[in-house]
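Structure first, commentary second.
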Amino acid sequence: MSAVSSGQQTRPMYYLLLLMILQLGLHTAEGVWPLPQTLISSTERFPLSPQAFYFGYGRQSAAQQGCSVLDEAFKRYFSLIFPDYTSAYGILRFSTDKPFTVEVSVDRADCDGYPDENSSERYNMSVFAGRASLKAETVWGALRGLETLSQLVYQDDFGSYFVNKTDIEDFPRFQFRGILLDTSRHYLPVQAILKTLDAMAYSKFNVFHWHIVDDPSFPYQSRTFPMLSSKGAFHPMTHIYTQSDVRRVISYARMRGIRVLPEFDSPGHTKSWGQGQPDLLTPCYKGGIPSGTFGPVNPALPSTYQFMAALFKEVSSVFPDSYIHLGGDEVDFSCWKSNPYVRAFMQKMGFGSDFTKLEAFYMEKIVNITSALNKTSIVWQDVFDYHERRSSLSVVEVWREGCYLCEVRRVVKAGLRVILASPWYLDQPGPTHNWARYYTVWPLAFKGTEEQKKLVIGGEVCMWGEYVDATNLTPRLWPRASAAAERLWSDEKQTSNVDKAFPRLQDFRCKLVRRGIQAEPLYVGHCKQEYQGV
């Protein structure tokens, strides 16, 4: 072998070795998901030791020790920042006893309240030698900053922890970033809901839209109408959400800065209601006589509205959020058409044979009931499409396929707020690599004024329950939902490139896996810490 060919063979090995040495020295966090508005990071890094790592409140902070939301978050994030601390205690190499303090300051001490539609989630953070300074207007913003900090910390190949010198200014692009879970078509155990809330916090989602009841089952256990779940749930003892279950979900969500928004969808999607509440649903007729089947809620009876007022009064006291979802989608008019009493009621009201007017009449009554309870109602887009008098409506959720931005434009032109759900239906199984579909959504890509675009308050990932229960909920949601999370949080111009986003999402997916979330893989590869729960 000639000297030249021998040198050519050794050179690649030399470069490979050099690359490995450089990589050992230059480990950094792969990035933060969703991407902050401004992130300036340096190669200068600081070692962290769990034995000398502290959370504390700034002197000027309106919240101090005893603030439940932050005290609990400090404990939670310590475990997330040092995930193998308990198992690796005492054998961490290169650990330093120099203390590192995370100093948190907030302008408002809203420690005992709930996040709402006006809550600021803005925060600024600087990481430098021995200290990180996190400043936010509210505790909810501080939570978002703590999540970012937890993603900035990384380990080298020897298990030592580091964080790089970093400056971040961050806030969400959209105020409403939701995930809908359907607990009627399949019952989801409380534990599965809580795990989803954890994963939502990691992706900075802030609204849990609880589609709690529907045609197949009524698992919500009502104090006022206990027969609704006794007769309407899949099982009256095992497949229900008791009042204490609901309180637990709301409390768990609050600690993570997540609002819980209930949906009691009517007049359609109500078959399960009728079993525990006689005379609520419309009897269907065939050949002039009752057929024994039932259709949507009966809009012609005064007792319907008395029942709804009592139910929503209870729901309003149980769920503290100021928003409530009233549904109003996919109403089948055939049963109303068959019922002579409903038809007579329509003639009396001057609706002729236009059943969209009957639905609009019903929805207006329900909206008025909830308005009197100081609740802002959300309705599905069908209600907007049928409603001539739109002034009573507040927030419209756009869900139908097709030109959904055309619908968004129509709604904002009418001066109403919009939540966009159409492009983010994840209930159908699909390859994880189709996450790019959910990433390349541009919610404001319609012709309209700046004022109209401000009416798009956010978007929502929908996980309907036909084919989803606790066995496949998590992998079907994550990490695809995280693609929508970045679209709703981050600056659109900085996050429009799928190829640039991929390595960050891949790294974030591994973080989810390490945190016990069964997020699906995006492609061939491995995580340093594989999922331990199997």
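How many Å² of accessible area per residue for region 281-351, probe 1.4 Å?
For region 281-351, the solvent-accessible area averages 44 Å² per residue.
Which residues among region 392-426 fall inside the zone where the amide N is under 11 Å from a point 7 Å beyond the Cα of residue 445, along Cα→Cβ?
Taking a point 7 Å out along Cα→Cβ of residue 445, the residues of region 392-426 whose backbone N falls under 11 Å are 405.
For residue 323, what residues show an amide H to amide H distance below 5 Å, using hydrogens built from the backbone and excluding near sequence neighbours?
Under 5 Å from the amide H of residue 323 lie the amide H atoms of 376, each far enough along the sequence or on another chain.
Give the shape of the chain as rounded, prolate or oblate, defined through the alpha-carbon gyration tensor: a ≥ b ≥ c are the square roots of its eigenvalues, a/c under 1.5 means rounded, and otherwise the shape is prolate if a/b is larger than b/c and oblate if not.
Taking the square roots of the gyration eigenvalues as a ≥ b ≥ c, the chain is prolate.
Give me the distance in nm between label points sitting 7 Å out from Cα along the Cα-to-Cβ direction at residue 471 and residue 502, one decimal.
3.3 nm
What relative contact order, as a whole-number percentage, does region 434-534 give when Cα pairs under 8 Å and 6 or more residues apart are counted?
Worked out over region 434-534, it gives 31 percent.
Could you state the number of Å between the C-alpha centres of region 378-425 and region 121-181?
Here the answer is 34 Å between Cα centres.
Explain nothing, just the number: dipole magnitude of the chain about its Cα centre with +1 on each Lys and Arg Cβ and -1 on each Asp and Glu Cβ, in debye rounded to the nearest 20.
220 debye
Rank these residues by their accessible area, most exposed first, probe 1.4 Å: 261, 455.
455, 261
Using the Cα centre of region 108-236 as the reference point, and only Cβ charges (+1 on K/R, -1 on D/E), how large is the resulting charge dipole? Debye, rounded to the nearest 20.
That gives region 108-236 a dipole magnitude of about 160 debye.
Restricting to bridges with both residues inside region 169-318, how much of the DSSP beta-bridge set is antiparallel, in percent to the nearest 5?
Counting only bridges with both partners in region 169-318, antiparallel ones make up about 25 percent.
Using Cβ-Cβ distances only, list the Cys residues of the chain with no partner cysteine under 4.7 Å, sorted by number.
462
Taking H placed 1.01 Å from N in the peptide plane, check which residues at least 5 places from residue 180 or on another chain put their amide H under 5 Å from its amide H.
Here the answer is 209, 461, 462, 463, since their amide H atoms fall under 5 Å of that of residue 180.
Which of the pairs 231/286; 231/313; 447/500; 447/493; 348/413 have their Cα atoms more than 23 Å apart in this structure?
Where the Cα-Cα span goes over 23 Å, the pairs concerned are 231/286; 447/500; 348/413.
By DSSP, what percent of the beta bridges with both residues in the chain are antiparallel, rounded to the nearest 5?
Around 35 percent antiparallel, to the nearest 5.
First check a/c for region 362-498, with a ≥ b ≥ c the square roots of the eigenvalues of its C-alpha gyration tensor; if it is under 1.5, answer rounded, and if not, answer prolate when a/b is larger than b/c or oblate otherwise.
Taking the square roots of the gyration eigenvalues as a ≥ b ≥ c, region 362-498 is oblate.
For region 356-480, give the magnitude of the charge dipole about the Cα centre (Cβ charges: +1 Lys/Arg, -1 Asp/Glu; no others), in debye to the nearest 20.
With Lys and Arg at +1 and Asp and Glu at -1, about 420 debye.
Taking the Cα atoms only, what angle lies between the long axis of helix 498-514 and the longest principal axis of the chain, rounded to 10 degrees?
Helix 498-514 sits at roughly 90 degrees to that axis.
Could you sort 40-53, 357-370, 520-533 so that the peptide with the highest average Cβ count within 10 Å comes first and the rest follow in order?
So the order, starting with the most tightly packed, is 357-370, 40-53, 520-533.
Of the options 166, 473, 200, report the single residue whose Cα projects farthest towards the positive end of the charge dipole of the chain (beta-carbon charges: Lys, Arg +1; Asp, Glu -1).
Value computed over the given set: 166.
How much length would be gained if the chain were fully extended between residue 425 and residue 348, taking 0.36 nm per residue of separation minus their Cα-Cα distance, in nm to one decimal?
23.6 nm
Can you put 254, 108, 417 in order of accessible area, largest first, using a 1.4 Å probe?
108, 417, 254
Among bridges DSSP assigns within region 85-241, what percent are antiparallel (round to 5)?
Around 50 percent of the beta bridges assigned by DSSP in region 85-241 are antiparallel ones.
Once the whole set of protein chains is in place, how much accessible area is left on residue 291, using a 1.4 Å probe, in Å² to the nearest 10?
60 Å²
I'd like the orientation of helix 68-81 relative to the chain: the angle between its Cα long axis and the longest Cα principal axis, in ° from 0 to 90, rounded to 10.
So the inclination is approximately 50 degrees.
For residue 356, put the label point 7 Å out on the Cα→Cβ axis and report which residues of region 382-412 keep their amide N under 15 Å from it.
382-390, 407, 410-411
Take residue 457 and residue 79, extend 7 Å from each Cα along the Cα→Cβ direction, and tell me the distance between the two endpoints in nm.
Those two pseudo-labels are separated by 3.3 nm.
If you rank 125, 255 by how much accessible surface each has, with a 1.4 Å probe, what is the order from largest down?
The residues order as 255, 125, largest area first.
For helix 190-202, report the angle its Cα long axis makes with the longest principal axis of the Cα atoms of the chain; keep it between 0 and 90° and round to the nearest 10°.
That works out to roughly 50 degrees.
Given R₀ = 25 Å, FRET efficiency for residue 313-residue 401 by Cβ-Cβ distance, to 0.05?
0.10
From a point 7 Å beyond the Cα of residue 68 in the direction of its Cβ, which residues of region 195-214 have a backbone N at a distance under 12 Å?
Residues passing the 12 Å test: none.
The values are calculated or read from the model by the stated rules, or taken from the named source; none is laboratory data. The model shown is predicted, which means the values in this text are computed figures rather than measured ones. Methodologically, a virtual Cβ is constructed for each residue, glycine included, from the backbone with ideal geometry; neighbour enumeration extends over all protein chains shown. Side chains included, ligands, DNA and RNA excluded: accessible areas come from the protein's heavy atoms. Shrake-Rupley method; radii C 1.70, N 1.55, O 1.52, S 1.80 Å.
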